[in-house]
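The values are calculated or read from the model by the stated rules, or taken from the named source; none is laboratory data. As the structure is a prediction and not an experimental result, all values here were calculated from the model. All Cβ positions, glycine included, derive from the backbone under ideal geometry; neighbour counts span all protein chains shown. What goes into the accessible areas is simple: the full protein's heavy atoms, side chains included, and nothing from ligands, DNA or RNA. Shrake-Rupley method; radii C 1.70, N 1.55, O 1.52, S 1.80 Å.
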Amino acid sequence: MSATAETSPAPSAAVITEPLPDLQLQLLIQLLDEDPRAGLPMTLTHPGGLLHGDAIGHEQWKAEWARSLRQVEGEGANLLAEFPETVDQGVRELRAEEDAAGAVRLPRWIHLRDVTLVSGAMTPVSLPLWRGRLSDVSGWALGRPQ
């Protein structure tokens, strides 16, 4: 009678997965980030419904965010006006070491201006600015619905 050793699989490391953004959309957003005045009419589908507006670069979104909050009275508005730049500064500091390794970074966020959100039977909602994760965009088209 032969003895057989029972083998169990080695413990595996946890794998974190998240949806991947569309590479073409990421590259398009990267182009918009290169020209702070650029805007491109787009329609997006995402978990909340259908969005359409002008896709803009991150720097333009920050400038418009700050401009809209500076029109509001109170110290809190001034603090919030600087919030995106404060966050960017922190991210730049954290990434300084990683970037030394030559990592290529594609955008992870998309920014829209003059947005209309259409969700089910709800009345469409208009927003001056919108920011969303590119990985949440399930479809996109150039232009706005007619």
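The table for this structure:
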| quantity | calculated |
| --- | --- |
| Considering residues of the stretch 94-140 that are at pLDDT 90 or above and either among the polar types (S, T, N, Q) or exposed (fewer than 10 other Cβ atoms within 10 Å of the Cβ) (or both) only, the residue farthest from Asp22 (Cα to Cα) | Thr123 |
| Of the criteria (1) at pLDDT below 70; (2) at negative phi; (3) small (Gly, Ala, Ser), which one Gly74 fails | (2) |
| Search result, residues across the stretch 24-60 that are open to solvent by 50 Å² or more (accessible area, probe 1.4 Å), touching a residue at least 40 places away in the same chain (Cβ under 8 Å) and within 14 Å of Gly139 (Cβ to Cβ) | Thr45, Pro47, Leu50 |
| Tally, over the stretch 1-37, of residues that are among the hydrophobic types (A, V, I, L, M, F, W, C) and at pLDDT 90 or above | 7 |
